[in-house]
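Report on one structure; see the data block that follows.
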Amino acid sequence: MAEVIDGKLIAEDVVGKVKLATAELVSETGVVPGLAVVIVGEDPASQVYVASKGRKAEDCGFHSVQHTLDAATSEDELVALVESLNADPAIHGILVQLPLPKHVDAARIIQTISPDKDVDGFHFINVGKLGTGEVETAFVPCTPAGAMIMIERVHGRDLSGLNAVVVGRSNIVGKPMANLLLAANATVTIAHSRTKDLPALGRTADILVAAVGRPQMVKGDWVKPGATVIDVGINRIPAPEKGEGKTRLVGDVDYVEAAKVAGAITPVPGGVGPMTIAMLMANTLKSAYRAAG
Ligand code: GUN
């Protein structure tokens with residue numbers, strides 16, 4: 001059976017370090033890291049994520065503000081809010097929760113966020129830095145950054161000679177994940193819905209990252225024996241065994257099957273999810289350190 005990579009434990013380790021460094025920054029410079037989270041509308045899943053980001057920020061000793069806007073908020077109003085946060089010296093990180101309502105051009109909002117406060121790493125400047133290997137000065141998107149730390153715990157920092165397959169090509173996870181793996185010297189393939197014979201390609205991977213948003217799509221026979229499997233998916237599926245109308249969370253990997261073959265695997269929940277929030281805290285701290293000079 002595969003080793004379980006415990007995201008909760010590794011995230012606690014990261015957050016513990018953030019807390020210590022925050023206390024040091026505050027005592028030496030008086031700068032308190034500030035995180036602003038903006039949510040538009042009432043998507044219940046987004047509300048849960050945003051609330052946990054705010055709680056974690058407070059737990060780290062940050063100044064934490066949340067702007068909850070009506071679903072009918074106009075694009076121009078949202079731009080004005082982001083610009084005011086850009087200009088606010090108490091704020092070092094700005095996160096606009098996605099998805100945004102359809103009448104808002106999400107790309108325009110993301111590009112309005114100052115690249116220096118873009119703790120999501122979605123601004124073109126940060127995307128470009130990551131794409132050109134400037135990993136140290138970029139803000140790296142939180143989910144792939146968290147996944148990378150989990151991979152490091154198994155393989156170390158240098159992935160020379162290892163084949164990595166990333167299933168999924170989103171801007172939030174798949175593409176930045178591929179760039180991070182490449183920066184760590186892995187040989188990287190990005191697979192997606194138009195890829196021929198995904199199971200055979202999966203079996204070439206020493207590191208297999210699933211980020212497709214389809215429950216339990218990656219089966220045991222996609223996994224090379226001994227491979228490291230990173231499951232980025234968080235999907236809610238019906239769980240009639242728990243009672244009528246009940247649901248449970250599963251990843252993009254069929255965990256029971258894959259765990260029989262893999263060398264190491266991340267669970268869902270308790271895998272990549274907690275790492276995402278931990279990396280948001282780490283990015284906000286990094287921004288505050290820069291602002292403090
Ligand atoms: N919605 C789902 N994941 C994310 C994320 O990492 N950042 C933002 N801003 N919105 C999201």
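The values are calculated or read from the model by the stated rules, or taken from the named source; none is laboratory data. What you are looking at is a predicted structure, and each value in this text was computed from that prediction instead of being measured. Reconstructed Cβ throughout: ideal geometry from the backbone, glycine too, with neighbour counts over all protein chains shown.
Would you confirm whether any residue within segment 234-246 is modelled with pLDDT of 95 or more, in contact with a Gly (Cβ under 8 Å, 6 or more places away or on another chain), under 30 Å from residue 57 (Cβ atoms) and in a loop (DSSP other than H, G, I, E, B)?
Scanning segment 234-246, I find at least one residue that is modelled with pLDDT of 95 or more, in contact with a Gly (Cβ under 8 Å, 6 or more places away or on another chain), under 30 Å from residue 57 (Cβ atoms) and in a loop (DSSP other than H, G, I, E, B), so the answer is yes.
Among residues belonging to segment 100-139 that are within 14 Å of the ligand (Cβ to nearest atom) and either among the small types (Gly, Ala, Ser) or over 27 Å from residue 41 (Cβ atoms) (or both), point out the one that is surrounded by the most Cβ atoms within 10 Å (Cβ to Cβ).
Across segment 100-139, the extreme among qualifying residues is 121.
Surrounded by 14 or more Cβ atoms within 10 Å (Cβ to Cβ), among the small types (Gly, Ala, Ser), within 16 Å of the ligand (Cβ to nearest atom) and assigned to a strand (DSSP E or B): which single residue out of 46, 64 fits that description?
64
Within segment 1-31, count every residue that is part of a loop (DSSP other than H, G, I, E, B) and touching a Lys or Arg at 6+ places or on another chain (Cβ under 7 Å).
Residues meeting the conditions: 2.
Picking from 221, 252, which residue would you name as being surrounded by fewer than 19 Cβ atoms within 10 Å (Cβ to Cβ), modelled with pLDDT of 95 or more and at negative phi?
221
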